[in-house]
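A.B. asks: For reference, the structure I am asking about is given below.
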Amino acid sequence: MKTLSDFNFENKKALIRVDFNVPLNENFEVTDATRIVSAKPTIVKILEDGGSCILMSHLGRPKGVQDAFSLRHIVAKVEDILGVEVKFVDQCVGEKAEAAAAALQPGEILLVENLRFHKEETAGDKVFAEQLSKLGDIYVNDAFGTAHRAHASTTIVAQFFPEDKCFGSLLAQEIESINKVMETGEKPILAILGGAKVSSKITIIENILDKVDHLIIGGGMAFTFIKAQGGSIGNSICEDDKMELALDILKQAEAKNVQVHIPVDVIAADAFSNDANTQVVDIRNIPEGWEGVDAGPKSREQFHEVVLQSKTILWNGPLGVFEMESFAGGTIELGNSIAEATKNGAFSLVGGGDSVAAVKQFGFENKVSYVSTGGGAMLESLEGKTLPGIAAILE
Ligand code: AMP
């Protein structure tokens, strides 16, 4: 696996695919700069070597050229974070972009315009990728968030750098973190899967049953399992067409010696509202008119013990409707348990969709070992897929 340390960037132009797809407000100000901050170590290393950086990214989903999606809006923020002047060119391919890249001196940074102003980007067009490749001497992919897409700048462009391509430090860290869970994790290994739907997590569950010792199934997903086992779940969310599959997953888990932990009690609400009346009930006996919205106290205690016994922990998906304050308790307590286990030496990885939002919202970001920056890319990695953006560097 080639990383930045395999190259000396002195007098080289690094063409870096970053993920600067950041949220902007109505005044085109960056409201969350996490992705820019995450790319900083790669950029700094290349500049310190005496190289220059050509940064390319997408922003949003523009239809053709649309000023609202121009990367020029983020130049000031990138400069702020890097502490270095950032030049900008309103093209990403063609003469103007090539001239700007050619003029770049060691220690300088150039940001090129939104890749998705060209439909060839998402189409994975080879000619467009070749045009991009003319901008730099070494291709660096540091965009985990788009590594699951075979786009021109994330995958196809790598062909034009047969020897001179590598992972940036963010992408390398993402790969190492996933490997720590899926390949080299210290036992016992625990996966916690929560969130709304079984259907969106099936492939992950099937893949990780071969890797883990314990599996916690929480959140809305749990009710499909409980109903399949004959429990009464009241008005809780459930995917009836996935009940067979749920039973099959439990059988597979037993055959593979994976201990499955499902909540035993829940906080039930009489409406899907923060101000609803609530009661703690047995998860197998939820009254009609009530729905399970968070893990109950016994379940939290049970999960706490499993988490503390584990040496490697993967967390994807909240244990309840954490967006509503009244139903966030189970998710917060789980976060606390994972933080405690991490402090005691366990490796903990949080990633994929809403769990990252929950971890940030409740301030656990620095209390777990690693928070993944990629939603879809993380989920596909956990499904056991080789991401095209990663394969293109390894080839
Ligand atoms: P996912 O994107 O699959 O990780 O699902 C995250 C969503 O699951 C969040 O929006 C939660 O509000 C939702 N969720 C978690 N537990 C429940 C529950 N018991 N009932 C309804 N939605 C839930």
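The values are calculated or read from the model by the stated rules, or taken from the named source; none is laboratory data. As the structure is a computational prediction, the values presented were derived from the model and not from experiment. Cβ sites come from the backbone with ideal geometry, for glycine too, and all protein chains shown count toward neighbours.
For every residue, the table says whether it meets (1) surrounded by 24 or more Cβ atoms within 10 Å (Cβ to Cβ); (2) within 27 Å of LYS251 (Cβ to Cβ); (3) more than 13 Å from the ligand (Cβ to nearest atom).
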residue: PHE167; (1), (2), (3): yes, no, yes
residue: LEU171; (1), (2), (3): yes, no, yes
residue: GLU176; (1), (2), (3): no, no, yes
residue: VAL181; (1), (2), (3): yes, yes, yes
residue: ILE189; (1), (2), (3): no, yes, yes
residue: SER200; (1), (2), (3): no, yes, no
residue: LEU209; (1), (2), (3): no, yes, yes
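A.B. asks: So, in segment 305-332, of the ones that are more than 21 Å from the chain's Cα centre (by Cα), within 16 Å of the ligand (Cβ to nearest atom) and surrounded by fewer than 21 Cβ atoms within 10 Å (Cβ to Cβ), which residue ends up nearest to GLY376 (Cα to Cα)?
C.D. replies: MET324
A.B. asks: With the condition kept exactly as written, say whether any residue in segment 248-262 is buried (at least 18 other Cβ atoms within 10 Å of the Cβ), closer than 22 Å to ALA328 by Cβ and either within 11 Å of the ligand (Cβ to nearest atom) or in the same structural domain as LYS40 (by TED's automatic domain parsing) (or both).
C.D. replies: No, segment 248-262 contains no residue that is buried (at least 18 other Cβ atoms within 10 Å of the Cβ), closer than 22 Å to ALA328 by Cβ and either within 11 Å of the ligand (Cβ to nearest atom) or in the same structural domain as LYS40 (by TED's automatic domain parsing) (or both).
A.B. asks: Residues that are assigned to a helix (DSSP H, G or I), loosely packed, with under 15 Cβ neighbours inside 10 Å and not charged (D, E, K, R): does segment 78-92 have at least one?
C.D. replies: no
A.B. asks: Hey, among the residues in segment 214-232 that are within 25 Å of GLN309 (Cβ to Cβ) and touching a residue at least 60 places away in the same chain (Cβ under 8 Å), which one's nearest to the ligand (Cβ to nearest atom)?
C.D. replies: Here the answer is GLY219.
A.B. asks: Considering ASN285, ASN274, which residue is surrounded by fewer than 24 Cβ atoms within 10 Å (Cβ to Cβ), within 15 Å of the ligand (Cβ to nearest atom), farther than 25 Å from SER369 by Cα and more than 21 Å from the chain's Cα centre (by Cα)?
C.D. replies: Going through ASN285, ASN274 in turn, just one is surrounded by fewer than 24 Cβ atoms within 10 Å (Cβ to Cβ), within 15 Å of the ligand (Cβ to nearest atom), farther than 25 Å from SER369 by Cα and more than 21 Å from the chain's Cα centre (by Cα): ASN274.
A.B. asks: Could you figure out which of (1) in a helix (DSSP H, G or I); (2) under 30 Å from PHE347 (Cβ atoms); (3) aliphatic (A, V, I, L, M); (4) within 16 Å of the ligand (Cβ to nearest atom) isn't true of VAL266?
C.D. replies: Every listed condition holds for VAL266 apart from (1).
A.B. asks: Right, next: ASN235 - would you say it is outside the structural domain of ILE138 (by TED's automatic domain parsing), surrounded by fewer than 19 Cβ atoms within 10 Å (Cβ to Cβ) and within 16 Å of the ligand (Cβ to nearest atom)?
C.D. replies: Spelling it out, ASN235 is indeed outside the structural domain of ILE138 (by TED's automatic domain parsing), surrounded by fewer than 19 Cβ atoms within 10 Å (Cβ to Cβ) and within 16 Å of the ligand (Cβ to nearest atom).
A.B. asks: Restricting to segment 288-297, and then to whatever is more than 17 Å from ILE332 (Cβ to Cβ) and more than 11 Å from the ligand (Cβ to nearest atom), can you tell me which residue is surrounded by the most Cβ atoms within 10 Å (Cβ to Cβ)?
C.D. replies: The extreme case among them is TRP290.
A.B. asks: While we're here: Against the condition at pLDDT below 95 and either under 14 Å from the mean Cα position of the chain (by Cα) or under 30 Å from VAL22 (Cβ atoms) (or both), how does GLY353 come out, does it pass?
C.D. replies: Here the answer is yes, as GLY353 does meet what is asked.
A.B. asks: Of all strands (runs of 3 or more DSSP E) completely enclosed by segment 112-217, which ones contain at least 3 residues that are under 16 Å from LEU394 (Cα atoms)? Break it down into steps so the answer makes sense when it comes.
C.D. replies: Details: elements: 138-141, 165-167, 189-193, 214-217.
It comes to 138-141, 165-167.
A.B. asks: Something else now. Test of understanding: among HIS58, HIS73, which residue is touching a residue at least 24 places away in the same chain (Cβ under 8 Å) and either assigned to a helix (DSSP H, G or I) or among the hydroxyl-bearing types (Ser, Thr, Tyr) (or both)?
C.D. replies: HIS73
A.B. asks: Regarding segment 6-28, can at least one residue be identified that is among the charged types (D, E, K, R) and assigned to a strand (DSSP E or B)?
C.D. replies: Taking every residue of segment 6-28 in turn, at least one turns out to be among the charged types (D, E, K, R) and assigned to a strand (DSSP E or B).
A.B. asks: Continuing with this model, one more query. Can you pull out the residues in segment 102-128 that are touching a residue at least 40 places away in the same chain (Cβ under 8 Å) and either of a type in the set (S, T, N, Q) or more than 24 Å from ALA68 (Cα to Cα) (or both)?
C.D. replies: Residues satisfying the conditions are LEU104, GLN105, PRO106, GLY107, GLU108, ASN114.
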